[in-house]
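The values are calculated or read from the model by the stated rules, or taken from the named source; none is laboratory data. Given the structure is predicted, the values throughout are model-derived calculations rather than measurements. Heads up, the Cβs are rebuilt from the backbone with ideal geometry, glycines too, and the neighbour counts pull from every protein chain shown. Protein only, heavy atoms only, side chains kept; ligands, DNA and RNA dropped before computing areas. Shrake-Rupley method; radii C 1.70, N 1.55, O 1.52, S 1.80 Å.
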Amino acid sequence: MDQEKVKGKKVAFNQKSGVPSPLIPATTLDASSQRIFLISVFVLAQAWKIYDLYILRNDDLRKVLLNKQILYFVSPEVFFFIKYCFIDCSLLIANFILKVPRLTLGALTFITVAASLSTIDFVLAFNVGFPTFVFGIPSILKRLSFSRELAINENFVDPLIDQSSHFKGRKTLRFAPDSSIQLNPYEDHFCLQALYKKPVEVPIAYETSAGLKLLQISYKDLNNGISTLNYTGRDLKRLLVKNTPSSGEYDPAASEYHMLKLPIGRPGSYSIKSAIDGKGKQIKQHRSTMIIPICPEASFNDGQTKDRCVGDLLGDLSINVLGVPPFTLYYEEEINGELSHIPKSILVPEEDDFFSPLLSKELYTGQKQKSLPRFSRTDLRDISWAKSRSIDVSIGKRSIEKSGNYIYTIGKVIDGFGNIVEYVPDGTDSGTFRSVKSHPLPTISLVNTEPNIPILQQYEKYLEVKLNNVPCMSCEAPYTVVFKYVPEGNGASEQKPEIFSKIFDFRTPARILAARPGTYSIETASSKYCECKLGTSTLSITQAKIPAVDIGLERIVDKCVGTTGFKFNFEFMGSAPFRIGYQISRLDPSNPQRTISLEKKGSIYSESTVNEYEFDPPSEGSFAIEFLSLSDKYYHDKVKFVKHEHRYVTYFKQRPKAYFSRTNKVRQVSACNGGSANMSLHLEGKAPFDVTYSLISPDYKIESYQLYNISEPVVFLTTSALSKGGEYVLSLRNVSDSSNCPVDFKGQEVHIHVRNDIPQLDFSTTHNYSLVQGKELAVPLKLDSDHEIDLTYMYTSFDGHKKTKTSTINPVDGLSVVDEGTYSLSSFHQDGCPGKVGPANSISVKYLDKPYITIIDKSDEPTNQNNGAFRVRDICENSDGVVNLRASGVGPFVIQYSVRYPNGVVENKRQQQPNRNFAVQLKTSESGKYVWTIRGIYDSIYTEKVLNNLEGRGIYHFKPIRVESVVNPLPQAIITNKNNKLQTCISALKSQKDIKPIQLSLSGKLPMDVKFTLVHDQENKAESIWLRHLETRTVNVNALYEYMNLGTYYISVAEVRDANGCVSTDNNNEKLTIQVNDVPKIRHLIEESSVISDHGQRKLEQADMEGDTEVNYYCVGDYINYMLSGVPPFTVYYEFNGLKQVVKVKSNYFRRRAPESGELNILAVSDSSSKNCIANFTEDARNDLKVKVFDLPSVEIDSGESDEEDIYEGDQANITLRFIGHAPFKVTYVRKDLSEEGKIVETEVIDNIMENQYQFSANMEGTYEAIEIQDAYCIARNNQI
């Protein structure tokens, strides 16, 4: 591969094609990838350009672009142009350097593409078309330039005129310097690290013109050993600082000022003993002694920071402070992320003989850090007090009050010299960061969750372990709990306790198995870190035994018939209550092993441990009773008896019996007044039977009855008619059968309760009742008793249909009816007895009227169109319109209606009205046809729920009522040329030929009337003007000009009426401004000048007092202002220094800078109100418009150059001032300090200088410069000083 040198660089060429090879070899990145990457970057840049262009065109987002741009002093458009010109050109340059194949550009192509992209960037930035860009290059360059101002000669000048050119030269007087030297001139603080590895560099400043030859430093160590450190000229050159910083009282600008950096690596006191310059003379010393101690440091002592518990002491945690006491220590405590704000600690050794002069300096407080401490000779005689001492600060002698993370960090430490060492918290640095984890003290308890259940067989009982006062149980796990178990026994001394332990993590329930009765208790418990407090720690657990029973048997023997039953005596063992199950079986008398039937199966319940049970068979025969199972409080059917273990069998005989009821000896029977009573008598024994009984009436009359040869086991007894109300008693007197055994019938009676009277039923009132259709009505009944009755009544509808109905009701609740019609009582029974119906046995029930609504507007009559809809009269938009309605029913009423708007939208509404007569407000916010449809009405009786129920059953339907309303739009009068401010000259009002008409566009029903309001800006009085009977939609209104005069008029449309009678008064936007201008006027504005001198100001004030308006003085740099009256833009014709100018002025002020001296004269002025409105001052000259401009005065010191002169202290030097301008002159000069640049130490003013040259003497060191010069007219100020 050949190489050719081109312009000092080596460029590689391809041997075959002669095309330069790419900068990045194809072996590193292939050519196609390079092209894709470069094209992607270019496309991304163009996308970014489009994004910024969108922000630039958006007024709201434009502020964001302005805040982000780097060049804040230019507009966003300029910044956009500069930014993307740079990006596009950078990409082209990168392409030129990379030489990517197929993208390589030649020099001419490169320039063409760069220029094209820059042109596109400019067009996009400033939003101009390409022709505008081509023909507007001068204005473009003008826009890109910085803002400048127009002068009288119509040239652009800088807005800030540099007046420093009127001040030339300055004089510097300098005293011959004295030699001096000072140790640590800036009074910096220095200290050495504890291991003395790195020395500190202490500055020594000296000032001498002969150089420094020898330096001796007096050194005293902390044991008061004194030695001298000698530094020769060679040593001093090595320690010399080339670039001396500016500080202290030394002047670094002086060539004799030098700085040394003296390395010091041992603690002690240092002072300059001797300094000799190159001429062998002693250099004046600034007496100062500085002490360099060991730097303070603070760190935590080597103590354990293990986990601790609440209530423990922090332990041996302490901070060791090393340095020169007294100290101020700052450390911080953070508990669970919250700072404790521990106050600073002042540390002083506790020795009684401790003394240090630093105690009175208070530098250790950190409040006085700007100056070094000053020590007396007594303090410096013995400096052993500056030795480092160690003080331990214990922070662990207090108990931990709550659990969490305790973090201790050292912030900073200050020693007695004011040296500050600050520490940044670092969790890895154990010297300044310690962390202690405090754990809670859990409260542990042993809980019997089922205290009512003892230990049972085949049932596991557990005791749970509960924790309290632990926010996170798993965090403190595992928990080790030691339990003690004492078995249950008679003597406590005989019981040997058992000790066992368990470990819990409380992720699952923590519990222990109580398998045996006894006392369970927690002896000790601990978490992973702390001992636990004991809550309820002891529980006594019992065990329930299997129940058992001892059954004793006694036979029940009758002397006549033998065994009639068994009596069982039970003695239970277990936990009451007890239940023993049994079954009774009837057996075959001939074969007791054969069971005929199972008569009964049940259980015997006992709450005590002893109980009796008598088994009395229901009839004579062979029976067996067997006890099957036994249960107690805890064991249910746990004990099952062995089959036939407790089975008792015998043949039971029965004594003859006669009874009305097997369960009760006295039977209660009710009977009706005048009716009879029936009862059954049961006979058991050997038939036939003979029965004698008696019936005792309420008045104690006794009637006896006898029945013979009764062979049936049941006989029915019927009494005669019972006519007296009260209680009859039927009792057995004698019963006998065919056996010789007596029949048991004693106490068998029937008490017959006979009603005292026959109940009578009536309606409480017989007036007509009203009923809400769909609801029930309880019609009150009149009856002496509140017992239920079986009622039969007749219902007759109003159309003649009859129906008999029966119902069981409580007379107190009344008769419930749901339909209108006539209701008649037919008959009733109460408690099985018939009653009689009284005369008030018929009522009439009628439905209450349902609510309805009517329209009561007399002027609104129904039409035959639109299905009988009501049509109200047409109304105007935004006017008031109502529909008056009347509701019938019981208020308040709820009206449900819908409104269909002209746009087709339907809105459903509900409205509640307390009164019968009310109005619905019509919608008029939008013109068009409105349809109001009333879809329902409800009142307080027929609510929406009731009527919807009736409608669902098909017995009610509300016919919608529709009301139509047409709203006519409001007329409008639009001033079509309201955006143009019309102007005219007052002379054109009469002819009205050149006046632009007021163009009016009308909408509404013709003809129309328009009312205008005409307001003059000076009179502030409105005048109303009507234009009536306008027959066209477009009207040119010139009649309003007849009411105008000189000034500005504000025309607005106040009111518009059309043929529909609609009136529009909301025409706030229809406003037009007409300016009736006078011929243009110009007058001179006098502004306060910043460059008029005191003498010139007095001349102007004198001319003003004398009334001389022709004196208008200005200085170069002043603004010359004229105020123009008329219609802008104006054309101003003027002449300055013989050159005539014609200027277009867009505002009412003509303002120009005075760039040079000369005279200005206004020739003529015209405005834009009319072509003929022009004011010409060439014939009638106006001297008040003439202006004379004076040049600024100048001052020169000596030769006009910067001159320096050395003088000795006490001598004088002459300074000469030369002036250019008009006498008298007034000059102000200053003297600057040489040690501090720019500092003015003296200012002098010399006035009434009548010559062009002035000389004065000076004997003070400094630089003398003029800052202000005044002549007879103008003043110049040196802004650079």
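Descriptive notes on the structure:
- Rounded percent of accessible protein surface that carbon and sulfur make up, segment 671-740, 1.4 Å probe: 49 percent
- Checking every one of the trypsin sites (Lys or Arg not before Pro) in segment 410-515 against DSSP loop status and a limit of 12 other Cβ atoms within 10 Å picks out Arg507.
- Check: the chain dipole with +1 on Lys, Arg Cβ and -1 on Asp, Glu Cβ, in debye: 4240 debye
- On Cα atoms only, tilt of 1094-1106 relative to the major axis of the chain in degrees: 80 degrees
- Toward the positive end of the charge dipole of segment 477-591, with +1 on the Cβ of Lys and Arg and -1 on the Cβ of Asp and Glu, the farthest Cα among Asn569, Ser590, Leu539 is that of Leu539.
- Computed over the chain, the P(r) curve from all C-alpha pair distances, binned at 20 Å from the origin, holds 6, 11, 14, 19, 18, 14, 11, 6, 1, 0 percent per bin.
- Expressed per residue, the C-alpha convex hull volume of segment 442-573 stands at 147 Å³.
- Inverse mean reciprocal Cα-Cα distance (Kirkwood Rh) of segment 327-460, Å: 19.5 Å
- Length available on full extension from Thr378 to Ile503: 0.36 nm per residue minus the Cα-Cα distance, which gives 37.8 nm.
- Hull volume in cubic angstrom per residue (convex hull over the Cα atoms of segment 782-923): 208 Å³
- Over 21 Å between alpha carbons, listed pairs Lys1140/Lys1188; Lys805/Lys836; Lys805/Lys945; Lys502/Lys528: Lys805/Lys945
- Cα gyration tensor shape of segment 575-701, rounded if a/c is under 1.5, else prolate or oblate by comparing a/b with b/c: oblate
- Using the Cβ-Cβ distance between Thr109 and Ser40 with R0 = 25 Å, the FRET efficiency computed as 1/(1 + (r/R0)^6) comes to roughly 0.70.
- Over all directions, the projected convex hull of the C-alpha atoms in segment 389-476 averages 10.2 nm² in area.
- Couplings 3J(HN,Hα) for segment 327-336, derived from phi with the Karplus relation 6.51 cos²θ - 1.76 cosθ + 1.60 (θ = phi - 60°), are 10, 10, 10, 10, 9, 10, 10, 10, 10, 6 Hz, where x marks Gly and Pro.
- Between 0 and 90 degrees, the angle of helix 76-98 with respect to the longest Cα principal axis of the chain falls at about 80 degrees.
- Label-point separation, Leu195 to Val486 (7 Å along Cα→Cβ), nm: 6.7 nm
- Using a Förster distance of 60 Å, the FRET efficiency for Glu1244-Thr365 (Cβ separation, nearest 0.05): 0.80
- The alpha carbon gyration tensor of segment 509-620 gives principal lengths a ≥ b ≥ c with a/c of 1.5 or higher and a/b greater than b/c, which makes the shape prolate.
- Distance (nanometres) between label positions extended 7 Å along Cα→Cβ at Gln593 and Leu150: 14.8 nm
- Restricting the calculation to alpha carbons of segment 889-1046 gives Rg and Dmax of 27.6, 88 angstrom.
- Calculated [θ] (222 nm, deg cm²/dmol) that DSSP helices of n ≥ 4 give over the chain, each run adding -39,500 (n - 2.57): -3000 deg cm²/dmol
- Mean Cα-pair separation over length for segment 1178-1271, i.e. relative contact order, pairs under 8 Å, 6 or more apart, %: 34 percent
- Separation of alpha-carbon centers, segment 595-668 and segment 1012-1052, rounded to whole Å: 123 Å
- Within the full protein context, the accessible area of Trp48 is estimated at about 120 Å² for a probe radius of 1.4 Å.
- Modelled label positions at Arg935 and Ser723, each set 7 Å beyond Cα in the direction of Cβ, lie 7.5 nm from each other.
- Cleavage-rule hits (GluC sites (Glu not before Pro)) in segment 411-512: DSSP loop, at most 12 neighbouring Cβ within 10 angstrom: Glu460
- Solvent-accessible surface ranking, highest first, for Ser965, Ser526 at 1.4 angstrom: Ser526, Ser965
- Ranking Thr1013, Pro185, Phe506 by Cα position along the charge dipole of the chain, where only Lys, Arg, Asp and Glu carry charges on their C-beta atoms, puts Phe506 farthest toward the positive end.
- Relative to the longest principal axis of the Cα atoms of the chain, the long axis of helix 31-57 makes an angle of roughly 90 degrees.
- Contour excess over end-to-end distance, with Cα ends at Gln543 and Ser394 and 0.36 nm allotted per residue: 47.8 nm
- Of the residues Glu907, Glu1070, Glu207, Glu338, the one with the largest accessible area comes first in the ranking Glu338, Glu907, Glu207, Glu1070, computed with a 1.4 Å probe on protein heavy atoms.
- For the chain, the solvent-accessible area of protein heavy atoms averages 56 Å² per residue (probe radius 1.4 Å; ligands and nucleic acids excluded).
- Stretch gain in nm, segment Asn734-Lys402, where the contour uses 0.36 nm per residue and the Cα spacing is subtracted: 110.0 nm
- Quarter of the Cα convex hull surface for segment 1142-1259, i.e. its orientation-mean projected area (nm²): 12.9 nm²
- When the Cα positions of Ser116, Cys89, Phe652 are compared along the charge dipole of the chain, Phe652 comes out farthest toward the positive end, with charges on each C-beta of Lys, Arg, Asp and Glu.
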